[in-house]
Structure formats: structure tokens, C-alpha cells
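Student: First the structure, which I've put down as C-alpha cells, then a few questions once you've had a look.
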Amino acid sequence: MLSKAHAETIFLAICMLPSMCARAWCQSPNTAAAPAAYGSIAGIVVNHTTGSPLGKAEVTLSTQEEHPMDALAITDAAGRFAFFNVPPGRYQLHADCDGYQHAWFRAPTPNHPPGIITLHAGEQRQDIVLRLDALGVISGVVVDSDGDPLSRVNVTAWVASFWRGKPKYEQRNSASSTERGEYRIFGLLPGRYLISANGNNQQAFRIQPEVVASNQPGGPRAEPRYGMQFYPGTDRLSAASIVAVAPGKEIEGIDFHMPAAATAELRGVIVPPAELPANAQISATLIPQDVIEQDSFGIGVAPPNLSFEHYGLLPGAYLFVASASADARQYRGVQRLEVRPGVQNEVTLKLEPGIDLRGTLQVEGDPSTQSSYRVELVAGDTLPFIGPSPAASVNADGSFLIKGVVPGVWDIGADPIPPGGYIKSMRLGEQDVLTEEMVIGSDTTAPLRIVISTRGGTLEGDVKTGSGEGAGRAIVLLAPAGRFRNVLSFFSVAAADENGHYKMKGLTPGAYRLYAFEAMDSGAWQDPEYLKPFQGLGEPVQIQEGANPSKELRLISGAGAER
């Protein structure tokens, strides 16, 4: 499947406008040094709830250009900032302050597009107010089954997310419990969180006193350990409770009572292919499954028979992954395990050789866009392997050879995509790997064929309110329809300007539905369920290569447009 980077953050080039003076407080500019056409932008940064001024906040003024330039001001004790000698133009204004959620001018929430300031020649804007929400806190204690405090237990706040169209959880902030078992997670954005306590840390273990029978065999013993627990006291993610954090509030009493669990041991052997040299580099990793946090850890493999023993494993499902590298050849083996205490857990894992993936890259359209191309594979299953990501440069005749591609799921990246261009097709033999996962096995021989077109579709139009007026800075989402509705690389997102006008380019031809939201969580469209409540509000559109007829949209307003 095509690997596509989805922008989750606005990145700005940090450079000072030559003719712009950013100052930490309002003062009289040196008008003799600045053309009369230049203006100023000034205002104040305050706490959204209390209205108190915020000193030492960073305020950034950014030009609205293809390559933005920034000027920075620091607020004084009264929360005031000013930018003098500002040329006429269109700007965005952004504020950051420790302990507060960042804010954009004229964006009611971070999920709304930033507002635009249009500064005319000689205009003095002194009325700007940026209101920042204070961040929240979650606190509690971590104790064992006897009520004694557990120190150095990692407590983490998680938010729901999606990756490759599948649900996942992303870590926000975390904290370690003190010797008194207390923890406080600072700096939480307003939102809904799952809270976990992970005792899988050697320094958090409390060794339970045991009487060792005289006939017990020697060697390491499996001591009880603390695993992962979700609030309000469950080891099952499905039974966890949501903790809602409001701006500037502390949620107290999120406590954990953690029992020690019996542990298990795992023995096994790795079976290499006959051609693998005895001195080959081999690594082995155990990755816990069915958990929110994958604390993978390495397994020591002893030559010459490549056997291993590992003690103190918490019961559960694991992926056992072994990789090897020798003479520019790559090998990998993967096996799913269910580890249980009190039984003999054994595994035999066979290493499979990687392949040399041959292919071609063809460019259709404007020949003047020809460039040096590169094809890179990114692990779609996130499993570890030795060495850098498999990649190759494309030869002048369009051929390429990617060496050492180990068995697994791989996403495909082709770079650069010409401006306004798109990936037209990707096929592994007869399989469409642009819209389906590319699974490589040790017996894969089919070539990879990539076609890039310089003639991507373009679409523009206007977003109107229900009364027919310009909707301003709406978020426009182009979502594929039909059998490609879950292909993430076909989605496109654009922000309309202050007049409600939007423009998209580099679109893949096909059937789509077009939506205009007042606000939308970043990446919310990756959730396959997200658009279902709005199906009747989307406008059908058929995208062709090149320019497409303009499309007028009606704004989907209200909180319902936010996830």
C-alpha cells in the first residue's frame, strides 16, 4: 500500500522578515526607518477562563505564502505583544505558553482552521486578543494488593487514534510514581483519556517471600511481577473507563491497586538456513500483543546452536521475531506465542531469506518534470529488522532493484511526486498494491511496477453557509467512494481561505464525496466510522485528470463535525 505522510502539525520556516520588527511589548516604533505603508499588529494574551494576562507567552506572526516567514514576540508581564513595521499582506497569528494549550487567532478550538489577518497599508491593528486554555492534570496513587505504595511505576495517559485505518492508542503524557506511590501527570490537553499503570519495570517489582523446597531444581526462579492495569482496575482494555479532562482542571483519585502475577519462562531455538554463516549477526525480540503499550525486549541467542532461555515473562500473547544479516542478505522469522505460567513454553523459529525485489517506475505526462526517483519500503507491520529501510534509486531506464526485503507487510513510497502529480498505479505482479497491502514472502518473484502521472486532478470551489454567504475558513475533505473508500492515500484535505474559497491539486482520479466542516480533529477521517453520520451531507464528485468543474459546498457546522 502506498505510504503517505499525513500532516498532523503546521510547520513553519523560522526566519525573521527583513522589514518586520518583533518586540516584547508595545512601544513607539522608529517611524523614520520604516516606509509609511507599513503597519503594526498588537494585542494581548490571556487565560481563557480567568481573563488574566499571560506573560512570557510566545506569539508568532506568519506570512501566508508558499514558504511562510515568521516573526516572534514575547509578551510582557501584562500579556501584551506588538509587531511593528509590518508590510501589507495576509498573516496568521499563533500563541504558545507553558502550561497552556496553543491557540490561533480566530480559531475557537485547535480543530478549527486558523483565521487570517489582512493588513492594509499603514493599518494599525491594536485589538488582537488570544485566549489560551490551561492544561489539565491527572493524579492518584499506585499501591500493591496489601495497600503498600509502589514506586517507579509508569502511569500513562492515552488517547484514541488510528493508524493505517486501524484503531490504536497514542501516548500523551506520563509520570512515574514516587516512593509514596503518588503520581501526577501534567500538561494534558482537554480531552478523553485512558489511564494505565505499567509495573513491568524491574525497579518496581517487590519480590515476594517464598520457601524453596529442598528438591526444587536449581537455576533462575520465576518471581511474581506487576503487569499493566487500566483504570479503574482491569487488565482488559475493553473494560477500561474514560477519564475526561477539562481545561485547567486536576482530576484526582485515579488510583491503582496492582496484584503481582505469576510469571513464566520461555525456551527455544532459532533454525537458520543452511547458507547462513556461523558468524552472522542475529537478533531476537519478544513483542507483547493485545496490549496498549508494546514493551518489546531483546532475547539473547547463544551460538552455536542458537538456543535461548528467558525467565520472568508475564503471561499472555507475544510475537517472537528473529532477524539475521550476512553478506548483504537479510533473513527474518516471525511466530505468535501464547506464554503461560507453570508449563513448558518452547518455540522453534525458522529464519526465512529476504528477496531482491525488482521493478520499474514509469512517469506519464509532462517530460520536463523528469527527475531522479527513489523507491523506499516502510514496514507496514512495524516488526523489527536489521539495517535501514529497503530502498533503491531508479535507473535511467526506469528499472530498480531493492535488495534484502524480508518477509512481511510493506508500504511503498516513491519520491519525488511531481508537483500536482499522483501515483497512478502500483502492482506486484497482478496484485493492486496501491489499494491493498503488499505482503512479501520468501518465495515472492513478481516484479513491482509503479506508474506516476504528472496530471493529477485539480478541484476548486466555494463553501457557503446555509444562508448562501461565504463560510470563511472551512475544512474541506475529499473522501474516496465505492470500493476505494478506505484507501487513505486517496483522501485529500484543504482549508478554505477567509472568503470560503478552496483549491486541491494532485488528486487521484475516481469517485469521491466532498465535505466542508467547520471543525475537524486532525486525522479524524482515518476512522472508517467517522463519515457515516455525514453521508447524506457530502457532495458526490467524479475527479478526472487535470482541471475539474468547480464545486460549491454547504458548510457542515456545529460540534457534530468534531470527533
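Student: Restricting attention to strands (runs of 3 or more DSSP E) lying wholly within the stretch 386-432, give those where 2 or more residues are surrounded by 20 or more Cβ atoms within 10 Å (Cβ to Cβ). Steps first, please.
Tutor: On the way: elements: 391-393, 399-405, 408-415, 422-428.
The strands (runs of 3 or more DSSP E) meeting that bar are 399-405, 408-415, 422-428.
Student: For the stretch 328-348, check the following and say yes or no: at least one residue is in a loop (DSSP other than H, G, I, E, B), surrounded by 14 or more Cβ atoms within 10 Å (Cβ to Cβ) and not assigned by TED's automatic domain parsing to the domain that holds Leu428.
Tutor: yes
Student: Additional query: Output the number of residues of the stretch 464-513 satisfying the condition of being at negative phi and either among the charged types (D, E, K, R) or in a strand (DSSP E or B) (or both).
Tutor: Going through the stretch 464-513 one residue at a time, the tally reaches 27.
Student: Among the residues of the stretch 21-29, is there at least one that is of a type in the set (D, E, K, R), modelled with pLDDT under 50 and outside any loop (DSSP other than H, G, I, E, B)? Reasoning before the result, please.
Tutor: Narrowing the stretch 21-29 to residues of a type in the set (D, E, K, R): 23.
Those still in the list that are modelled with pLDDT under 50 too: 23.
Subset that is outside any loop (DSSP other than H, G, I, E, B): 23.
Scanning the stretch 21-29, I find at least one residue that is of a type in the set (D, E, K, R), modelled with pLDDT under 50 and outside any loop (DSSP other than H, G, I, E, B), so the answer is yes.
Student: Here are Phe84, Phe105: which of them is within 29 Å of Gly248 (Cβ to Cβ) and not small (Gly, Ala, Ser)?
Tutor: Going through Phe84, Phe105 in turn, just one is within 29 Å of Gly248 (Cβ to Cβ) and not small (Gly, Ala, Ser): Phe105.
Student: Further, regarding this structure: Among the residues of the stretch 126-177, write down those that are touching a Pro at 6+ places or on another chain (Cβ under 6 Å), within 25 Å of Tyr226 (Cα to Cα) and among the small types (Gly, Ala, Ser).
Tutor: Ser145
Student: Here is a list: Gly536, Gly510. Which entry is surrounded by fewer than 18 Cβ atoms within 10 Å (Cβ to Cβ), without any contact (Cβ under 8 Å) to a residue 12 or more places away in the chain and more than 30 Å from Ile117 (Cα to Cα)?
Tutor: Result of the check over Gly536, Gly510: Gly536.
A quick yes/no check of all residues on (1) under 22 Å from the mean Cα position of the chain (by Cα); (2) part of a loop (DSSP other than H, G, I, E, B); (3) of a type outside the set (Phe, Trp, Tyr):
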{"position": "Asp98", "(1), (2), (3)": "no, yes, yes"}
{"position": "Ala107", "(1), (2), (3)": "no, yes, yes"}
{"position": "His112", "(1), (2), (3)": "yes, yes, yes"}
{"position": "Thr118", "(1), (2), (3)": "no, no, yes"}
{"position": "Ala121", "(1), (2), (3)": "no, yes, yes"}
{"position": "Asp127", "(1), (2), (3)": "no, no, yes"}
{"position": "Arg131", "(1), (2), (3)": "no, no, yes"}
{"position": "Ile138", "(1), (2), (3)": "no, no, yes"}
{"position": "Val142", "(1), (2), (3)": "no, no, yes"}
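Student: Looking only at the stretch 224-270, filter to residues that are touching a Lys or Arg at 6+ places or on another chain (Cβ under 7 Å) and surrounded by 15 or more Cβ atoms within 10 Å (Cβ to Cβ); which one of those is nearest to Glu338 (Cα to Cα)?
Tutor: Checking each candidate, the answer is Ala264.
Student: Give just the number: which of (1) in contact with an Asp or Glu (Cβ under 6 Å, 6 or more places away or on another chain); (2) under 30 Å from Asp148 (Cβ atoms) does Pro315 not satisfy?
Tutor: (1)
Student: Follow-up. Of all the strands (runs of 3 or more DSSP E) wholly in the stretch 207-320, which have at least 1 residues that are farther than 30 Å from Gly387 by Cα, in contact with a helix residue (DSSP H, G or I) (Cβ under 8 Å, 6 or more places away or on another chain) and modelled with pLDDT of 85 or more?
Tutor: Numbers: elements: 228-230, 243-245, 256-258, 264-271, 281-288, 297-299, 307-313.
Result: 228-230.
Student: Of the residues in the stretch 482-499, how many are within 17 Å of Ser522 (Cα to Cα) and aromatic (Phe, Trp, Tyr)?
Tutor: Residues flagged as within 17 Å of Ser522 (Cα to Cα) and aromatic (Phe, Trp, Tyr) within the stretch 482-499 amount to 2.
Student: Let me ask you something else. I'm trying to understand the selection: among the residues of the stretch 149-195, which are at positive phi and either part of a loop (DSSP other than H, G, I, E, B) or of a type in the set (Phe, Trp, Tyr) (or both)?
Tutor: Arg152, Arg164, Gly165, Gly181
The values are calculated or read from the model by the stated rules, or taken from the named source; none is laboratory data. From a predicted model like this one, the values you see are computed outputs, not experimental measurements. Ideal geometry is used to build each Cβ from the backbone, glycine not excepted, and the neighbour counts take in all protein chains shown.
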